[in-house]
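One structure below.
Since every read-out is calculated from the coordinates, none of them should be taken as a lab result. Keep in mind that this is a model prediction, so the values were computed, not measured. Every residue, glycine as well, gets a Cβ built from its backbone with ideal geometry; the counts of neighbours run over all protein chains shown.
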Amino acid sequence: MSANLPEFNLVKPSSIAEALAAFRDQPHAKFCAGGTDLIPNMRHGLFEVETLIDLGQIVGFDAVTINGADIELGAGISLSKLVGRADIRERFPAIVKACEKVAGLSHREAATLGGNLCLETRCLYYNQSEWWRKSNDYCLKYQGDICHVAPRGNRCRAAFCGDLAPAFMVHRAEVELVSLNGARRLPLADLYVEDGAAHLALQPGEILASVHLPAARARSTYGKICQRGAIDFPQAGVAVSCRKEAGVLQFELAFTGTNSKPILLEYREPLGPKTDADSYFEALEKQVQKSVSPQRTTTTAPHYRRLAVAALAVRLARGLV
């Protein structure tokens with residue numbers, strides 16, 4: 001790995017309009033917020049960047065707006081600020097728990113909401129030094145023509161490993177995307193595509209500007225499986241929400257680290273007062289195993305990760321009953 005960053009131009013717009021105009025003039029540029037994912041990837045030589053457009057100077061990009069019972073979060077808000085907000089902790093506990101499990105304290109001071117939602121996919125064959133990747137003829141995600149995880153396929157299997165996406169998804173968050181063509185709003189789950197090399201449904205020059213959280217209707221939590229207790233990306237992460245409707249409990253679950261996109265599972269079976277809980281959660285565990293598709297993107301066996309994420313999902317769900 002090179003210890004030095006390659007040379008690049010740095011543009012610091014003071015508004016989203018200026019940022020979009022800068023990209024129009026330099027269409028091969030990349031947007032950068034906290035840079036906690038982007039800069040290490042540049043050091044690894046995982047992509048070439050001539051110009052970085054720094055979104056960190058944009059006025060109001062980290063603003064929090066309360067609209068009645070709804071909350072709008074600027075994509076530039078840091079994870080440490082999210083953790084420090086009592087209203088988020090009280091109404092959307094899974095989000096705070098997910099933030100607290102991202103990297104270390106100093107990382108969370110710089111890392112942003114939008115950056116974590118747009119995190120690059122990761123793979124054992126991709127997140128390596130230049131000489132290592134070159135000796136293996138690169139891979140389908142960058143410069144190569146084969147996915148070493150699934151050589152017979154034609155799609156990159158790199159996994160999305162952002163902690164925040166599933167926590168926001170179980171609270172039915174929506175994102176606002178802006179470009180020179182205008183703005184559009186869509187459910188967070190629709191931002192992602194099951195393709196490790198092109199996992200975001202962003203158009204060229206489009207910026208994730210804000211995240212909208214509707215009125216909280218459910219309790220929630222988040223947990224993840226990783227090799228170390230801190231700093232690591234999830235090998236599998238689970239967010240669970242539980243809401244009570246007409247006397248029965250309804251669960252929604254979302255997963256990260258197992259597929260090229262975060263997976264949302266709206267579990268349709270209710271847990272009522274007369275339902276056998278053991279049978280219910282046994283069926284839920286089997287459904288989770290069917291919903292995720294871990295691949296050989298880490299040193300941990302895919303089958304273990306499939307079983308572990310299902311067991312974690314049941315443990316978290318039981319904790320909300």
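Among the lysines, select those whose C-alpha is under 20 Å from the C-alpha of Lys141, and discard any that sit fewer than 8 residues away in the same chain. Those lysines meeting the cut-off are Lys30, Lys261. Neighbour counting of Cβ atoms within 10 Å sorts the residues Ser78, Ser135, fewest neighbours leading, into Ser135, Ser78. Listed by chain and number, the aspartates and glutamates whose alpha-carbon sits under 15 Å from that of Lys81, ignoring those within fewer than 8 places in the same chain, are Asp62, Glu72, Glu90, Glu100, Glu109. From its DSSP helices (H runs of at least four residues, each -39,500 (n - 2.57)), the chain gives a residue-normalised ellipticity at 222 nm of -8000 deg cm²/dmol. Summary of the geometry: segment 235-268 and segment 154-196, compared by the centres of their Cα atoms, lie 16 Å apart. Residues Lys261, Lys12, Lys81, Lys274 in ascending order of nearby Cβ atoms (within 10 Å, fewest first): Lys274, Lys12, Lys81, Lys261. Distance from a point 7 Å along Cα→Cβ of Glu7 to each backbone N in segment 50-67: keep the residues under 15 Å and list them by number. Within reach of a label on Glu7, which here means backbone N under 15 Å from a point 7 Å along Cα→Cβ, segment 50-67 contributes 50-52. Among beta bridges identified by DSSP and lying wholly in segment 1-158, the antiparallel ones come to about 45 percent. Each of the peptides 197-203, 35-41 was scored by the mean count of other Cβ atoms within 10 Å over its residues; in descending order, highest first, they stand as 35-41, 197-203. Label-to-label distance, Arg228 versus Val193, with points set 7 angstrom from Cα along the beta-carbon direction: 3.4 nm. Amide H contacts for Tyr192 (H built 1.01 Å from N in the peptide plane; partners 5 or more residues away or on another chain; cut-off under 5 Å): Ala201. P(r) tail, segment 219-320: Cα-Cα pairs separated by more than 19 Å, 39% of all pairs. Approximating the spin labels as points 7 Å out from Cα along Cα→Cβ, the Lys244-to-Arg217 distance works out to 1.6 nm.
Among the trypsin sites (Lys or Arg not before Pro) in segment 142-243, those placed in a DSSP loop whose Cβ has at most 11 other Cβ atoms within 10 Å are Arg152, Arg228. With the highest mean first, a sort of the peptides 279-285, 23-29 on other beta-carbon atoms found within 10 angstrom per residue produces 279-285, 23-29. Mean-square fluctuations from a GNM of the chain, with a 10 angstrom spring cutoff on Cα atoms, peak among Gln227, Gln289, Gln235 at Gln227. This ranking places Val314, Val170, Val321 by how few other beta-carbon atoms lie within 10 Å of each, fewest first, which gives Val321, Val314, Val170.
Rg over Rh of segment 12-158, using C-alpha atoms and the Kirkwood radius, what does it come to? Reported Rg/Rh (Cα atoms, Kirkwood Rh): 1.04.
Helices in the chain that qualify as membrane-span-like (whole DSSP H runs, Cα extent of at least 15 Å along the helix axis, mean Kyte-Doolittle hydropathy of -1.0 or higher) are 277-291, 302-320. The value of relative contact order for the chain, using C-alpha pairs under 8 Å at least six residues apart, is 16 percent. With each label modelled as a point 7 angstrom along the Cα→C-beta vector, the His107-Arg315 pair spans 2.1 nm. At q = 0.07, 0.08, 0.10 Å⁻¹, what is the log10 ratio I(q)/I(0) for the chain, with the Debye formula run over Cα points and no solvent? Per q value, in the given order, log10 I(q)/I(0) is -0.28, -0.37, -0.58.
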